[in-house]
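Right, one structure below, let's go through it.
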Amino acid sequence: MKRIASKAPLLLSMAISLGISGALAAQEFVKGPLPEPVATEAPAPAPEAEAGAEVAPGAEPVPEVNAAESSRDGAAGAVLPELLAAVAAERAALNRRALALDKREAELAFAAAALSAQDQQLSQLKDEIERLLGLAEASHTEDVTRLVRIYRAMKPADAAAILSDADLEVSVLVIAAMAERDSGPILAKMNKVRAQAISKIILERSRLPGDQNLVNLKVN
């Protein structure tokens, strides 16, 4: 402790010397030339802003409009009305065509209904004609049968005399419908030319129309 106390005045004097030296150095540093200020580049003006145009503080700069984009937008704006007009015209044409098709379909449906009704009427008419033909044929058959019985009940000479002067069609019809044992005696009593004509017609009528040969046929 006594050693440290004896050295205290020396340490104090050294501290004071160091403090004085630091103060002098600081004074010399302050008196020296000041450092040059570092130049900072000013921000370049926005390319969008025009020269001499004032920009309000806090306002965003107006972007420059590209000439190509402006031309393209103008062309698109000019084409759009024409495109809309073309679409409207096409739609109108489609509507007219749809109406025409609907009208045509209605006409076809009406024509089909008319044809169906006509077919039904023709079918009914055909059935009626067939019915009448059936009645006529049945009546004709009954008439022929009745005539055959009438002439068969006569004497051959009397029947031959009547059939020789009757219509040739009636004579052929009656003789052809008779049995051979009844028609033979009547033909034998008839006029020779008439009997030959009746025989020729009965023979030829069993053939086809193209094969029949009734040319120059004498009936009396």
Rounded to whole Å, √(5λ) for the Cα gyration tensor eigenvalues of the range 154-211, largest first, gives 20, 12, 9
Computed over the range 154-211: relative contact order in percent, which uses C-alpha pairs under 8 Å that are six or more apart: 41
FRET efficiency estimate (nearest 0.05) - Cβ-Cβ, Asp119 to Arg205, R0 45 angstrom: 0.80
To the nearest 20 debye, the range 154-211 has a Cα-centred charge dipole, built from +1 on Lys and Arg Cβ and -1 on Asp and Glu Cβ, of 200
What full-extension length gain, to one decimal in nm, is calculated for Asp127 and Leu83 as 0.36 nm per residue of separation minus the Cα-Cα distance? 9.3 nm
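Here, each number is a calculation from the coordinates, and none is a lab measurement. These numbers come from a predicted model, not from an experiment. FYI the Cβ positions are ideal-geometry reconstructions off the backbone, even for glycines, and counts take in every protein chain you see.
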